[in-house]
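The values are calculated or read from the model by the stated rules, or taken from the named source; none is laboratory data. Quantities reported herein were computed from a predicted structural model and do not represent experimental measurements. A quick note on method: Cβ atoms are made from the backbone with ideal geometry, for glycine too, and the neighbour counts reach across all protein chains shown.
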Amino acid sequence: MAIRYRTAETQRDMEQIFRLNYETFVEEIPQHEPNEARLLVDRFHAENTYILAVDGERVAGMLAVRDRRPFSLEEKIDGFEGLLPFRPERMVEIRLLAVDKAYRGSRLLYGLIRYLDRYMESRDYEMAVISGTTRELRLYEHLGFIPFGGLVGSEQARYQPMYMTPSSYESSRAYGLIQKAVSFMAGPVEIIPEVTRALLRRPIPHRSQAFLRLHETVRRKLAALTGAGSVDILLGSGTLANDAIAGELRRTGGRGLILANGEFGQRLLRHAQRWELEHDSLTAAYGEPYDYGQVEAAVEKGAYAWLWFVHGETSTGVLNDLERLKAIARRHGLSLAADCVSSLGAVPLDLSGVRWASGVSGKALGSYTGLSFILRGMQDTPLADAAATPGIPPYVDASLYHHAEGVPFSQSSNLLAALQAALSVYEHGDPFGVQSARLDRMRDAVEALGLQVLASREHQTPYMLTLVLPERLASRRLGEYMGDQGFELQYESEYLLARNWVQMACMGGLKDRDLSRMLEHLSLYVREKEI
């Protein structure tokens, strides 16, 4: 069974804590006197928060944290704060670090330290202090603790005062060995090592010939992946790309129709309002596909010039039908604009017939956040005179990028190099098939647990599930628990919390064993809450 990490919750937890405390600090390290009950209750028990490593129902390891001053170390050291490298505003004392003998030599201790790091970060603690037994000084230093002051304790139980900060932990040998949290989010996603190595190359000027060659290579790879006739790269997020599309819709003129069946469709409506675009909207319920007959009827009656929609609606896990909307736009002579921010790199795309599509580097493509794209699947009109389209700032003017010789504004060669490495994944194997198979496995597993998936299988994106949780499972609690076990799910957005939804994606460089471990922990949590 997987080792789980959590804070102590039950009386059974407390009884095991007292027993492990006794075995460690009475029988192994003779710090306290024996007693017949073979239980040791800490003198600060009422003020401690206990962080546990649990194997089934068994407490296999623990530590206690306490932030109430004075600390126990302060009673043993004169001039306590003066010996520290700085005076933190928020500090915590770690005590009672103990691991059951049956679990020593495993990675359990690393899991406890990872949980401690999350605990400290969530509460803005700047430093932790500990009395490290002299028997394990090398281990404590390996974990990022730094000695200060002299030894304390008795001859039988000697301790070295030590402190740890976030920077000392991140600089420690252990930090490189500890399993980092695995992202099951739509972004940021898991990054493969080749992409990280490319990001860390020496930067090159954006006016240089080397940069222009790199820039052109990335554009060519994106065009080949999507069937786009041309690709322009912007330094910014998907919001920037959609603003640039809004500017093109303003330049095109005429009234448009915006489709929305989720949070990101609603975001397109907000773009249109800010850009003062003449438009109507057609909405469907969250989790439902568009009614394409209704779309066609609205277009026939509306005398529209353009149509704008979200391809992969990340908020619900619905994949809208690009081909049907391309056919509608073609029949009625509409300029079609598509938000492909989440779907680009997650599903095969054919953007021929799409006038503008937005995309980003930091989601399914598996690279770092920071670049966005305007992809054109058809021949575009020449750049209009700037005076004819006032109110479009240069930085979001897609036509300016499209007709520029070179790169109109500063860009990052590091982000481009990383993206080039990420795009290489699509040049061999079947990344779309691998991802789709993982999504099917994930959906089968969560449905076997009795959890509801918002989108039907027929309209499901092959990269994202939105779980509609029952009342007994709070989305925030589940998301926090999974984060404590080392798996990042999406749950913190306001629209998710308001609806008690949790999302999990299978984008980027995930490994099958990471998926197995995540599903095991999810199962443990859900089944535990059934009791």
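Observations
- Residue within the range 466-477 that is hydroxyl-bearing (Ser, Thr, Tyr), at pLDDT 95 or above and either buried (at least 21 other Cβ atoms within 10 Å of the Cβ) or in contact with a Lys or Arg (Cβ under 9 Å, 6 or more places away or on another chain) (or both) present: yes
- Residue selection: Arg220 fails the criterion of being touching a residue at least 24 places away in the same chain (Cβ under 8 Å), in the same structural domain as Ala305 (by TED's automatic domain parsing) and of a type in the set (D, E, K, R).
- Some residue of the range 417-432 being surrounded by 14 or more Cβ atoms within 10 Å (Cβ to Cβ), more than 30 Å from Arg207 (Cβ to Cβ) and touching a helix residue (DSSP H, G or I) at 6+ places or on another chain (Cβ under 8 Å): yes
- Among the residues here, Gly176 qualifies as of a type outside the set (D, E, K, R), modelled with pLDDT under 90 and farther than 18 Å from Val129 by Cα.
- In the condition set (1) in a loop (DSSP other than H, G, I, E, B); (2) without any contact (Cβ under 8 Å) to a residue 60 or more places away in the chain; (3) on the phi < 0 side of the Ramachandran plot, Ala455 is compliant with all but (2).
- The set of residues in the range 359-414 being assigned to a loop (DSSP other than H, G, I, E, B), at pLDDT 95 or above and aromatic (Phe, Trp, Tyr) consists of Tyr368 alone.
- The range 478-504 - residue that is over 18 Å from Ser523 (Cα atoms) and of a type in the set (D, E, K, R) and, of those, surrounded by the fewest Cβ atoms within 10 Å (Cβ to Cβ): Glu494
- Condition check for Val231: assigned by TED's automatic domain parsing to the domain that holds Tyr395, part of a strand (DSSP E or B) and modelled with pLDDT of 95 or more: yes
- Any hit, the range 237-252, residues being modelled with pLDDT of 95 or more, farther than 30 Å from Leu269 by Cα, in contact with a helix residue (DSSP H, G or I) (Cβ under 6 Å, 6 or more places away or on another chain) and among the aliphatic types (A, V, I, L, M): no
- Residues in the range 62-87 that are buried (at least 17 other Cβ atoms within 10 Å of the Cβ) and within 33 Å of the chain's Cα centre (by Cα): Met62, Leu63, Ala64, Val65, Arg66.
- Matching residues in the range 166-186 - criterion: being surrounded by 21 or more Cβ atoms within 10 Å (Cβ to Cβ) and of a type outside the set (A, V, I, L, M, F, W, C): Ser183
- Where a residue in the range 502-531 is in the same structural domain as Leu473 (by TED's automatic domain parsing) and its partner, wherever it lies, is acidic (Asp, Glu), with Cβ under 9 Å and at least six apart: Met507/Glu190; Gly508/Glu190; Gly509/Glu190; Leu510/Glu190; Lys511/Glu190; Asp514/Glu190
- Of all the listed residues (Arg355, Arg457, Arg438, Arg443), the sole one being in the same structural domain as Trp306 (by TED's automatic domain parsing) and basic (Lys, Arg) is Arg355.
- Annotation note: of Gly317, Gly345, Gly333, the sole residue that is crowded, with 24+ Cβ neighbours inside 10 Å, in the same structural domain as Lys221 (by TED's automatic domain parsing) and more than 20 Å from Ala422 (Cβ to Cβ) is Gly317.
- Ala437 meets the conditions (1) in contact (Cβ under 8 Å) with a residue 40 or more places away in the chain; (2) under 23 Å from the mean Cα position of the chain (by Cα) in every case but one. The failed one is (1).
- For the range 166-210, residues that are of a type in the set (S, T, N, Q) and either touching a residue at least 60 places away in the same chain (Cβ under 8 Å) or more than 30 Å from Asp78 (Cα to Cα) (or both) total 5.
- Selection from the range 150-165 of residues that are exposed (fewer than 11 other Cβ atoms within 10 Å of the Cβ) and polar (S, T, N, Q): Ser154, Gln156
- Residue satisfying condition, being touching a residue at least 60 places away in the same chain (Cβ under 8 Å) and out of contact with any Cys (no Cβ under 8 Å at 6 or more places or on another chain), within set Arg274, Arg250: Arg250
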